[in-house]
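First comes the structure, then the notes that go with it.
The values are calculated or read from the model by the stated rules, or taken from the named source; none is laboratory data. Quick caveat: nothing in here was measured; it's all calculated off a predicted structure. Counting neighbours? That spans all protein chains shown, and the Cβs are built from the backbone with ideal geometry, glycine included.
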Ligand SMILES: [Zn+2]
């Protein structure tokens, strides 16, 4: 179901045939993900996950030398770009600054020249990103990397949360398993092959939450995964309606920003720990939250650097851009890839859990989560300000013109308007003169991909302008009525 025509056919089928199609598709994926190579990779990665940090670093350095050699000798882009560089001097992670950083735009414009020569087309797996601005990027994985990636996901993400592939689960992801204009249940499809209920993230509301909860009770998944914002919305609607809590073993979220209020709702309704995780389809780095609530990097996925804009290394506690070198893809190696996300190395690196790998903190919004001042300056990394008030469920900055934006605030329990005023003051403290209007509303719009974004610049997203105008006008009307 990777191409549009397949989705068109899928949406025309009756539910029972759609579920058969899912079964067939999952059976196909099952061979690729969990077939040949999976067991061996799982064993190797489990050892690495529990190995002392020093052994993990040695493993990374060995893989790094192989990836760099492959890139320099068989990948056209790097061969050209590194022609005058002493790439052979890259022996360990600390030598990476010998090589230039790679940005997303360069990759997008030269996709094919990043693929190693002499690789058979049919051995490739295409992983597509939708991209926040709608520009797609295709990452080519060797098919042999799939069982490695899923083995790593199993031992580094699922198992630490106490769950695994063999347990029934529910997914709230970005696929449109249900047609967008559907207005009655089911808003999900059941994939019998994986005992997985795939829920639409796009149909959750106060009206439909009861149907979702009934389906969860019927299919009895033991854990949930997907977009935190979607799972939190469901939990909130259920709590509001007075539904009995629905215990899960764990909820593992990824893919969008998890604010404290969202996490609280999830943990309250599903009575379990909500684990945040970090990854991307470029598959160059991965991090997983432990039970102590700290984000540990997963060494087998890639080598992390956290860098200042000028490329120098940040000191612990200093927020910088995440730059990653993937260690698993030997068809399309991404070396010193600028992910466009921000984080800092934790100053306190010891943790009460048994995970020995480095800890990152202050994982912040995307690089493109910035506001534009009237004079054109850009201000990013605003998520710390947005996360400061526990009574605010969620908040978003919607910028409609330079120098002016709306601070959309969705109140949580115990909320007082002064909390929003404090967030505004914090944001303004960072950016100075700026017109920031507070708007309280019941729900903050998401992107068409169903993701929650901290900043939406409407002048660059004309397709969203009307939606936001309506939402803001409605909120203002409701506020006047109440006043
Ligand atoms: Zn820990």
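What to note about this one:
- Among the residues of the range 342-358, those that are in contact with a strand residue (DSSP E or B) (Cβ under 8 Å, 6 or more places away or on another chain), assigned to a loop (DSSP other than H, G, I, E, B) and under 20 Å from residue 92 (Cβ atoms) comprise 349, 357, 358.
- Picking from residues in the range 294-308 that are touching a strand residue (DSSP E or B) at 6+ places or on another chain (Cβ under 8 Å) and assigned to a loop (DSSP other than H, G, I, E, B), the one that is farthest from the ligand (Cβ to nearest atom) is 308.
- Taking the listed residues 322, 360, the one that is within 16 Å of the ligand (Cβ to nearest atom), closer than 30 Å to residue 68 by Cβ and under 19 Å from the mean Cα position of the chain (by Cα) is 360, with no other qualifying.
- Some residue of the range 173-189 being crowded, with 17+ Cβ neighbours inside 10 Å, in the same structural domain as residue 332 (by TED's automatic domain parsing) and within 27 Å of residue 273 (Cα to Cα): no
- Here residue 212 does not fit the description of being in a strand (DSSP E or B), modelled with pLDDT of 85 or more and outside the structural domain of residue 295 (by TED's automatic domain parsing).
- Search result, residues across the range 260-288 that are out of contact with any helix residue (DSSP H, G or I) (no Cβ under 6 Å at 6 or more places or on another chain), assigned to a helix (DSSP H, G or I) and closer than 16 Å to residue 248 by Cβ: 263, 264, 267, 268, 270
- Scanning the range 136-147 for residues that are part of a loop (DSSP other than H, G, I, E, B), surrounded by fewer than 21 Cβ atoms within 10 Å (Cβ to Cβ) and within 19 Å of the chain's Cα centre (by Cα) turns up at least one hit.
- Residue check for residue 291: outside any loop (DSSP other than H, G, I, E, B) and either surrounded by fewer than 23 Cβ atoms within 10 Å (Cβ to Cβ) or within 15 Å of the chain's Cα centre (by Cα) (or both): no
- Selection over the range 233-247 of residues that are crowded, with 24+ Cβ neighbours inside 10 Å and within 22 Å of residue 164 (Cα to Cα) gives a count of 0.
- Here the range 254-282 is the region considered, the condition is being away from the ligand (no atom under 16 Å from the Cβ) and at pLDDT 95 or above, and the residue that is surrounded by the fewest Cβ atoms within 10 Å (Cβ to Cβ) is 271.
- Exactly one residue among 339, 328, 407 is over 18 Å from the mean Cα position of the chain (by Cα), assigned to a strand (DSSP E or B) and away from the ligand (no atom under 16 Å from the Cβ), and that residue is 407.
- Scan of the range 217-259 for residues that are part of a helix (DSSP H, G or I) and without any contact (Cβ under 8 Å) to a residue 24 or more places away in the chain, ordered by number: 218
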